[in-house]
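Accompanying notes for the structure given below.
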Amino acid sequence: QVQLVESGGGLVQAGGSLGLSCAASGSVFRLGAMGWYRQAPGKQRELVAHITSSGDTNYGDSVKGRFPISVDNVQKLGCLPMDGLKPEDTAVYYCHAVLTPLDSGIPRNYWGPGTQVTVSS
């Protein structure tokens, strides 16, 4: 079964750092675009960072310069190091990716279950 699994969330003080990872598991033929989104209580889900299969990146205004997204297409693993964390970065972070399963050969959107990031002041 193809799925995404996030890891690396937790609790950190303001100004600290955390690193998130997103691994595609199962029989995956190809990893396409990957992105991170976050949702804070009472707010809509918003873009954090996105990277296309060709390496083009796009960031939410509030994280530009702090959360550089990267992906290893061979390992089918995405990483999001987060530096200079602020209390307003507190949210559940979700990984999204376009994966092509080996059995179907059809690209589909997948979401991870989410990982909590809490930044204390």
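The values are calculated or read from the model by the stated rules, or taken from the named source; none is laboratory data. The shown structure was predicted, so the numbers you read here are calculated from the model rather than taken from an experiment. All Cβ positions, glycine included, derive from the backbone under ideal geometry; neighbour counts span all protein chains shown. Heads up: the accessible areas ignore ligands, DNA and RNA and are worked out on the full protein's heavy atoms, side chains in. Shrake-Rupley method; radii C 1.70, N 1.55, O 1.52, S 1.80 Å.
Built from the Cα atoms of the range 1-50, the convex hull projects on average onto 4.8 nm², one quarter of its surface area. At the listed q of 0.14, 0.16, 0.19 Å⁻¹, the Debye profile of the chain, built from one uniform point per Cα, gives log10 I(q)/I(0) equal to -0.55, -0.70, -0.95.
Applying D = kT/(6 pi eta Rh) to the range 77-121, where Rh is the Kirkwood radius over alpha-carbon pairs, T corresponds to 37 °C and eta to 0.692 mPa s, the Stokes-Einstein value obtained is 257 µm²/s. Apolar share of the accessible surface for the chain: 50 percent from carbon plus sulfur atoms, 1.4 Å probe. Accessible surface computed residue by residue for the range 27-74, with neighbouring protein chains in place and a 1.4 Å probe, gives 57 Å² per residue.
Using a simple charge model, +1 on the beta-carbon of Lys and Arg, -1 on the beta-carbon of Asp and Glu, nothing else, what dipole does the chain show about its Cα centre, in debye to the nearest 20? Kindly include the intermediate steps, with their values, before the conclusion.
Values: 9 positive and 9 negative charges, 24 e Å.
With Lys and Arg at +1 and Asp and Glu at -1, about 120 debye.
Amide H to amide H, with H built 1.01 Å from N, SER70 comes under 5 Å of CYS79, counting only residues 5 or more places away or on other chains.
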